[in-house]
Amino acid sequence: MKLSPRERIIRVLKRRGDLDRIPWSFHFGASSAFTPGSYKKFVEYTKISDVNDYYQLEVRVAHSEEKEPQFHTSSSNFGLKMLPNGIKEDYFEPSLPQGTSMTSWGVCLIEWPDNPGSEQMIHPLANKNDLKAIEEYPIPGIDQDSFRIVQRRAQEIKSKGYISSAYCGSLYEWSHWLRGMETFMVDLLARPVFAQTLLQKVADFTYKFARAHAEAGVEILCFYDDYGMQSCLQINPSLWRKYLKPEWERIIGGLRSAYPDRYFFLHSCGNIEQIIPDLIQVGFDVLHPIQPECQDSERIIRQYGDRISFWGTISVQNTLPFGTVEDVDKEVKSRMDLARLIPSLIVAPSNTLGQEIPIQNIIAYTEACQKYCHVEC
């Protein structure tokens, strides 16, 4: 039985089994796992500039750039383009450092010179101590020209037998990027009206942004919201359930009602096991990354793999940067063996590929995926 790439991914997302091979990827959702440094090393070593076509990866990003972003940065458009919300440099006190860039939300970014693709943030609402400043803070727009580009790309991707994805926003991340993490955490406990007002604003835009992608024909709607630390959640699970869970229920419930054939992806780093049942309940179809350093990936997939699919699980903290080629091969084989038993896993790196990862281990990852992805292995 030969499946199209699109059919293969849908079988994994619906946990149907009967696969012709185990899907694997360099990406997660709508974002490349490469950082600028690791992508440069990979291309110089392999001469492969487009991993999608070379490795026939099943999921393709319906991006709005002239050329598809091949590595992860905060300014890349992995979907529709957001228009600036109108916040200018004069909004900030003190004045901004030279070389600062600004996102469509008015969040300022200062690039780390020794690690391109990573930035320090300046939060526009960090020092605003009145509710009115949050209520009146402007949201981004959505570029209609980019809508037509994404719509065309989604159609092309589907016509070629692949499945499309795009970045559709966040709740927690966008909120603390705007407010500052410490301030937002204090808001949740001491100024709940501030937190709810900001979350409502962000959630309303995320729903609008995701719905525009669904209307454009994108099939996998990808949300990015890091809730975890290495050993536990960043946020008390009771606070997550009180403030964030209802917004996700509203967003995914509304989208699924209007677009029942769409799939919902969540990237959330760290140990988030406490809320996996909640993520299933609100309607997510696939969860990334299930970092093996933070939780037992195999146990979690065995426990929840009949109710939600997974993407990731290959260690970027230990195995890829510090392991041997044999270690990489062994870890990929173990994940492929698990995916044959429980067909709800897309094998991929558990986060971005830092520039410290040896190129030999990246190559070992691709070779192991190609070697072990066949269902008869």
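The values are calculated or read from the model by the stated rules, or taken from the named source; none is laboratory data. Since we're looking at a predicted model, the values are computed, not measured. Using ideal geometry, Cβ is built from the backbone for each residue, glycine included, and neighbour counts are taken over all protein chains shown. Only protein heavy atoms, including side chains, enter the accessible area calculation; ligands, DNA and RNA are left aside. Shrake-Rupley method; radii C 1.70, N 1.55, O 1.52, S 1.80 Å.
Go ahead and run the numbers for FRET between Asn127 and Thr73, Cβ-Cβ distance against an R0 of 25 Å, rounding to 0.05. All intermediate terms of the calculation are to be shown ahead of the outcome.
Values: r = 27 Å, r/R0 = 1.08.
Calculated transfer efficiency: 0.40.
List the lysines whose alpha-carbon lies under 21 Å from that of Lys40, not counting same-chain residues fewer than 8 positions away?
In chain and number order, the partners are Lys67.
How much of the accessible area of the chain, probe 1.4 Å, is carbon plus sulfur, in whole percent?
Reported share for carbon and sulfur atoms: 49 percent.
Taking amide H positions as placed 1.01 Å from N in the peptide plane, with prolines and chain starts having none, which residues 5 or more places from His374, or on another chain, fall under 5 Å of its amide H?
When sequence neighbours closer than 5 places are left aside, the close amide H contacts are Ile22.
Using the beta-carbon distance between Lys88 and Glu376 and R0 = 56 Å, what value does 1/(1 + (r/R0)^6) give for FRET efficiency, to the nearest 0.05?
FRET efficiency, Lys88 to Glu376: 0.40.
If DNA, RNA and ligands are ignored and the probe is 1.4 Å, what is the ranking of Glu156, Glu219, Glu111, Glu119 by accessible area, most exposed first?
The ordering from most to least exposed comes out as Glu111, Glu156, Glu119, Glu219.
Quick one: if the Förster radius is 22 Å, what FRET efficiency do Ile48 and Arg15 give, using the C-beta to C-beta distance and rounding to 0.05?
Calculated transfer efficiency: 0.10.
Can you tell me the orientation of helix 144-159 relative to the chain, as the angle in degrees between its alpha-carbon axis and the longest Cα principal axis, to the nearest 10?
10 degrees
Starting from the amide H of Asp226, placed 1.01 Å from N in the peptide plane, find each other amide H under 5 Å away whose residue is 5 or more places distant or on another chain.
Those lying under 5 Å, H to H, from Asp226 are Glu173, Cys269.
If I fit a long axis through the Cα atoms of helix 181-190 and take the longest principal axis of the Cα atoms of the chain, what angle between them do I get, 0 to 90°, rounded to 10?
That helix lies at roughly 70 degrees to the long axis.
Need the list of lysines near Lys132 for cross-linking: C-alpha distance under 19 angstrom, and skip anything on the same chain fewer than eight residues off.
Reachable lysines: Lys88, Lys201.
I need the phi-derived Karplus couplings for the range 253-264: 6.51 cos²θ - 1.76 cosθ + 1.60, θ = phi - 60°, integer Hz, Gly and Pro marked x.
With coefficients 6.51, -1.76 and 1.60, one gets x, x, 5, 5, 5, 7, 9, x, 9, 8, 10, 10 Hz.
Apply the Karplus parameterisation 6.51 cos²θ - 1.76 cosθ + 1.60, with θ equal to phi minus 60°, to every residue of the range 27-39 and state each ³J(HN,Hα) to the nearest whole Hz, in sequence, with x for glycine and proline.
Listing the rounded values in order: 10, 9, x, 10, 10, 5, 7, 5, 9, x, x, 6, 5 Hz.
So what's the back-of-envelope 222 nm ellipticity for the chain, counting only DSSP H runs of four-plus at -39500 (n - 2.57) apiece and dividing by all residues, rounded to 500?
After summing the helix terms and dividing by residue count, I get -12500 deg cm²/dmol.
Helix 325-341 versus the longest principal axis of the chain: what is the Cα-based angle in degrees, 0 to 90, to the nearest 10?
90 degrees
Let me know the Rg and Dmax you get for the range 232-377 when you use only its Cα atoms, in Å.
Final numbers for Rg and Dmax: 16.4, 48 Å.
I want to verify a result. In a Gaussian network model of the chain, Cα cutoff 10 Å, which of these has the top mean-square fluctuation: Gly217, Gly323, Gly312?
Looking only at Gly217, Gly323, Gly312, the biggest GNM fluctuation is shown by Gly323.
What accessible surface, in Å², does a 1.4 Å probe find on Arg211, ignoring ligands, DNA and RNA and rounding to the nearest 10?
Looks like 90 Å² after rounding.
What number does the range 1-154 give for Rg over Rh if you use C-alpha atoms and the Kirkwood radius?
1.06
With a 1.4 Å probe and every protein chain left in place, work out the accessible area per residue of the range 46-204 in Å², rounded to a whole number.
I get 50 Å² per residue for the range 46-204.
At 20 °C and 1.002 mPa s, grab the translational diffusion coefficient of the chain from Stokes-Einstein with a Kirkwood Rh over Cα pairs, rounded to a whole number in µm² per second.
The estimated diffusion coefficient comes to 101 µm²/s.
Top to bottom by accessible area (1.4 Å), largest first, where do Met1, Met336, Met229, Met185 land? Display every interim value, and only then the final one.
Working: Met1 140, Met336 0, Met229 90, Met185 45 Å².
From most accessible down to least: Met1, Met229, Met185, Met336.
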